[in-house]
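Engineer: One structure follows; several queries about it will come next.
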Amino acid sequence: AHRGVQQGGYTQPPWAGVAGKPGPELAALREALLTRDLYVYCGHGDGGKILPSGELQRLPRCAATVLMGCSSGAIDLHGHLTPTGMALSYLHARCPALVANLWEVTDGDIDRFCIALLELMAEGGSLPAAVAKARTACRLPYLTGAAPVCYGVPLEFLPRDAAAARRA
């Protein structure tokens, strides 16, 4: 996804971000989650190594988030105890919408999904509709394409040009 994110211009204005290793510093990531509209994580797992769930839950608010790691949206059940998972931590931090994977996915297929999702979001419209349409970019749409789910409210995104003009 790193190459696709850079080629798609998703690290250029009006987008801002870090692509590649090492990831952002915790303070910079915290600031981005507080001030930006969207946070996209493409990597292994749920991103908890660069942003621990305890730090995330302390945020007063959080950007809409796309987590494209394996099982990034999985919820762990503990019998009668409270369920856990990074998805719940984002929602606890008042993340309005989260797209994350319920199970392990192949990197090539989820990269195709992620790039298609970002392109659809840049066109504007409904996040759930973009997720549904981006599933068709996967070679295994009923396996890898079915892993990403939306948590939270059904956000609407402005087209990329309109969002840039609004920020100027």
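Engineer: May I ask you to list the residues in segment 71-109 that are in a loop (DSSP other than H, G, I, E, B), open to solvent by 50 Å² or more (accessible area, probe 1.4 Å) and more than 25 Å from G125 (Cα to Cα)?
Structural biologist: Step one: of segment 71-109, the residues in a loop (DSSP other than H, G, I, E, B) are 71-75, 79-80, 85, 93-96, 102-106.
Going one step further and asking which of them are open to solvent by 50 Å² or more (accessible area, probe 1.4 Å), we end up with 75, 79-80, 94, 102-104, 106.
Within segment 71-109, I75, G79, H80, W103, E104, T106 meet the criteria.
Engineer: Continuing with the same structure: Are any residues in segment 123-143 in a helix (DSSP H, G or I) and either touching a residue at least 40 places away in the same chain (Cβ under 8 Å) or open to solvent by 30 Å² or more (accessible area, probe 1.4 Å) (or both), and if so, which ones?
Structural biologist: E123, L127, P128, A129, A132, K133, R135, T136, A137
Engineer: Every residue in segment 25-48 that is touching a residue at least 60 places away in the same chain (Cβ under 8 Å) and open to solvent by 30 Å² or more (accessible area, probe 1.4 Å), please.
Structural biologist: D37, L38, V40, C42
Engineer: Looking for whichever is modelled with pLDDT under 95 and either at positive phi or touching a His at 6+ places or on another chain (Cβ under 9 Å) (or both) here; the options are G108, G124. Which one fits? If you could, list the steps in order and put the result at the bottom.
Structural biologist: Working: G108 fails: either at positive phi or touching a His at 6+ places or on another chain (Cβ under 9 Å) (or both).
Answer to the check: G124.
Engineer: Okay, next question. When residues of segment 146-168 are filtered for being within 14 Å of L67 (Cα to Cα) and either open to solvent by less than 30 Å² (accessible area, probe 1.4 Å) or among the aliphatic types (A, V, I, L, M) (or both), how many remain?
Structural biologist: Adding up the residues that qualify gives 3.
Engineer: From the set of residues in segment 49-65 that are part of a helix (DSSP H, G or I) and of a type in the set (G, A, S), which is least open to solvent (accessible area, probe 1.4 Å)?
Structural biologist: Across segment 49-65, the extreme among qualifying residues is G54.
Engineer: Is it true that A165 is at negative phi, part of a helix (DSSP H, G or I) and at pLDDT 95 or above?
Structural biologist: So A165 does not fit the description; no.
The values are calculated or read from the model by the stated rules, or taken from the named source; none is laboratory data. Just so it is clear, the structure is predicted and the values come from calculations on it, not from any experiment. Every residue, glycine as well, gets a Cβ built from its backbone with ideal geometry; the counts of neighbours run over all protein chains shown. We work out accessible area using only protein heavy atoms, side chains counted, and drop any ligands, DNA or RNA first. Shrake-Rupley method; radii C 1.70, N 1.55, O 1.52, S 1.80 Å.
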